[in-house]
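Structure first, commentary second.
None of the figures in this text is laboratory data; all of them are computed from the coordinates on show. All values reported here derive from a predicted model rather than from experimental measurement. Counting neighbours? That spans all protein chains shown, and the Cβs are built from the backbone with ideal geometry, glycine included.
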Amino acid sequence: MILVYSKANKTSMRIADILKEQFGFAYFDEVNGLRIFKSGEKELAEINVPSMDADFLDSATKTDCFVFLYSHYSTANVPAMTVHPEGNWSGDNSIGGRPHELGFASPGRMLTALHMLNKNRLAGVDVTYEATHHGPTIRTPSFFMEVGGTVDENLIDRMCGALARAAFDMFDVRIQPKQVALGIGGGHYPTKFTGLAIEQNVAFSHMMSKYNVPRLEMIHEAASKSDVQPSVAFIEWKSLKSPERNGAIEELEKIGLPYVRV
């Protein structure tokens with residue numbers, strides 16, 4: 001696993017500064033344009049572009065998982081620390097990645113990340129999954145850990161500290177999933193999937209929000225692009241209309257994936 005921060009993002013830089021100042025990451029080497037920092041065997045990589053545009057990482061260095069440390073934007077201005085896989089359900093790739101293509105999820109590590117953020121959560125700050133969205137599109141399993149949703153610089157600074165601690169602890173902690181699941185339905189912040197992860201250790205791979213259910217033909221890709229294949233799909237039942245639920249079930253039946261209503 002390699003943590004990745006971006007010089008193009010102020011919040012990402014602040015998280016990296018904390019990792020260097022408090023957790024012992026020091027400059028080690030430069031590899032294919034990546035500045036590498038190490039704390040023991042733990043690695044932190046610096047990139048110069050926004051993390052959503054880091055499609056080159058596969059060819060720059062090898063690892064079993066990239067974890068992007070980044071800022072989170074919320075139109076509702078709700079402070080949050082979030083975890084999500086990458087990918088574009090639609091043809092809109094204005095925030096990086098390739099149109100109509102998903103990245104490879106890492107459900108076990110995302111579950112651990114969510115638990116570590118929850119362990120270090122701050123009063124008044126949500127800890128939540130986000131549904132799959134934006135780039136980059138890479139073959140190596142990867143995901144984002146983000147902080148934001150507020151303009152309060154003091155709170156952002158404390159959130160960056162909490163995320164840095166959570167990310168550092170992830171190297172030595174691995175939450176064992178009860179099961180690996182695909183998530184269908186719910187909002188961009190899938191409350192029920194987050195609850196299942198924190199309370200029952202259900203590890204979600206890709207999560208398709210209700211807004212993207214019209215792209216049901218991508219369920220096969222969502223199920224396959226994961227370093228551990230999901231054994232079940234959870235459908236956020238009340239968030240979908242009957243035709244959408246029926247369409248999702250039909251697609252799941254095509255790939256032999258059972259579903260559970262939540």
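Which number do you get for Rg(Cα) / (2.2 N^0.38 Å) in the chain? Please report the intermediate quantities before stating the final value.
On the way: Rg = 17.5 Å, N = 262, 2.2 N^0.38 = 18.3 Å.
Scaled against compact globular proteins, the figure is 0.96.
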Item checked: Distance violations [Cα-Cα > 19 Å] among Lys20/Lys42; Lys119/Lys225; Lys38/Lys62; Lys192/Lys241; Lys192/Lys238 -> Lys119/Lys225
Next item on the list: Name the most mobile residue of Tyr27, Tyr129, Tyr189, meaning the one with the largest mean-square fluctuation, in a Gaussian network model of the chain with Cα contacts below 10 Å.
Entry: Tyr27
Item checked: Spacing of the two label points (7 Å from each Cα toward its C-beta) at Arg158 and Asn118, in nm -> 2.2 nm
Next item on the list: Place the peptides 140-147, 84-91, 197-204 in order of packing, highest mean first, counting for every residue the other Cβ atoms within 10 Å and averaging per peptide.
Entry: 140-147, 84-91, 197-204
Next item on the list: Please find the FRET efficiency linking Met1 to Lys241, where r is the Cβ-Cβ separation and R0 is fixed at 30 Å, and quote it to the nearest 0.05.
Entry: 0.15
Check: Using alpha-carbon positions, what is the distance between the centroids of segment 199-222 and segment 74-139, in Å?
Finding: 12 Å
Item checked: C-alpha long axis of helix 242-254 to longest principal axis of the chain, angle in ° -> 80 degrees
Margin query: Restricting to DSSP H runs of at least four residues, report the calculated mean residue ellipticity at 222 nm for the chain, -39500 (n - 2.57) per run over all residues, nearest 500 deg cm²/dmol.
Written below: -9000 deg cm²/dmol
Check: Can you give the % of DSSP beta bridges in segment 2-170 that are antiparallel, to the nearest 5?
Finding: 45 percent
Checklist line | Extended-chain gain in nm, criterion 0.36 nm per residue less alpha-carbon gap, Thr191 and Ala26 | finding: 55.6 nm
Checklist line | Cβ-based net charge around Met218, under 12 Å, with every Lys or Arg adding one and every Asp or Glu removing one | finding: -2
Check: Between Glu199 and Val260, how many nm apart are label points set 7 Å from Cα along the C-beta direction?
Finding: 1.2 nm
Margin query: Could you give each residue of segment 198-209 its phi-based ³J(HN,Hα) in whole Hz, using Karplus coefficients 6.51, -1.76, 1.60 with θ = phi - 60°, and x for Gly or Pro?
Written below: 6, 8, 10, 6, 7, 9, 8, 8, 8, 10, 9, 5
Next item on the list: Enumerate the residues in segment 189-214 having an amide nitrogen under 13 Å from the point lying 7 Å beyond the Cα of Ser231 toward its Cβ.
Entry: 202-203
Next item on the list: Pop out the ³J(HN,Hα) list for segment 49-58 in order, Karplus 6.51 cos²θ - 1.76 cosθ + 1.60 with θ = phi - 60°, rounded to Hz; leave Gly and Pro as x.
Entry: 10, x, 4, 5, 9, 8, 5, 7, 4, 3
Checklist line | Extension gain, Arg215 back to Glu253 (0.36 nm per residue minus Cα-Cα distance, nm) | finding: 12.1 nm
Next item on the list: Multiply the residue gap between Ser224 and Ala76 by 0.36 nm, knock off their C-alpha separation, and tell me the result in nm, one decimal place.
Entry: 50.0 nm
Check: Among Ala222, Ala123, Ala26, which one shows the biggest mean-square fluctuation in a GNM of the chain, springs joining Cα atoms closer than 10 Å?
Finding: Ala123
Note to self: To test your reading of the geometry: what angle, between 0 and 90 degrees and rounded to tens, separates the Cα axis of helix 107-119 from the longest principal axis of the chain?
What the structure shows: 60 degrees
Note to self: Could you derive backbone 3J(HN,Hα) for segment 156-161 from the dihedral phi with the Karplus parameters 6.51, -1.76 and 1.60 (θ = phi - 60°), listing whole Hz in sequence and x where the residue is Gly or Pro?
What the structure shows: 4, 4, 5, 5, 4, x
Margin query: Can you tell me how segment 180-261 classifies by the Cα gyration tensor, rounded, prolate or oblate, using a/c under 1.5 as the rounded cut?
Written below: oblate
